Amino acid sequence: VQLQASGGGLVQTGGSRRLSCVASGIVFRLNSMGWYRRTSGNERELVATITSDDSTNYVDSVKGRFTISRDNAKNTVYLQMNSLKSEDTAVYYCNTKKYGVNYWGQGTQVTVSS
């Protein structure tokens, strides 16, 4: 299983950014996908998940600002991030499971600066 995340970078407070994660080695349309993030010195936290039937779930701090979506034809999961805040600064990781084993992308840094 390989997960290739991209789209991170420097963005101003209040701005937007879209992260992408391309998956291989799984039957993508059947897998739930997730985005996590790790801020400096903290544990990795769940940001959003999307199931195979497009049910979504978000951590409270991003509800109304972030949207997770998927394109099964492209084996890609997205995280649209709007109204970004300094506290969203983190390394973002995509995640999935196969046979009960967690797999992680390499992480993509998002830095929100005023």
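The values are calculated or read from the model by the stated rules, or taken from the named source; none is laboratory data. All values derive from a computational prediction rather than experimental measurement. Methodologically, a virtual Cβ is constructed for each residue, glycine included, from the backbone with ideal geometry; neighbour enumeration extends over all protein chains shown. Note: accessible area is taken over every heavy atom of the protein model, side chains too, but ligands, DNA and RNA are not part of it. Shrake-Rupley method; radii C 1.70, N 1.55, O 1.52, S 1.80 Å.
Using 0.36 nm per residue and subtracting the Cα-Cα separation, the extra length available between T13 and L30 on full extension is 2.6 nm. Given a 1.4 Å probe and the protein chains as shown, S40 ends up with an accessible area of around 120 Å². Taking the inverse of the mean reciprocal distance over all distinct Cα pairs, the Kirkwood hydrodynamic radius of region 63-114 comes to 12.8 Å.
Considering only V112, T39, G9, and ranking their Cα positions along the charge dipole of the chain that arises from unit charges at the beta-carbon of Lys, Arg, Asp and Glu, the one farthest toward the positive end is G9. Using 0.36 nm per residue and subtracting the Cα-Cα separation, the extra length available between N82 and S69 on full extension is 3.3 nm. All distinct Cα pairs of the chain go into the 1/r average, and the inverse of that average, the Kirkwood radius, is 13.9 Å.
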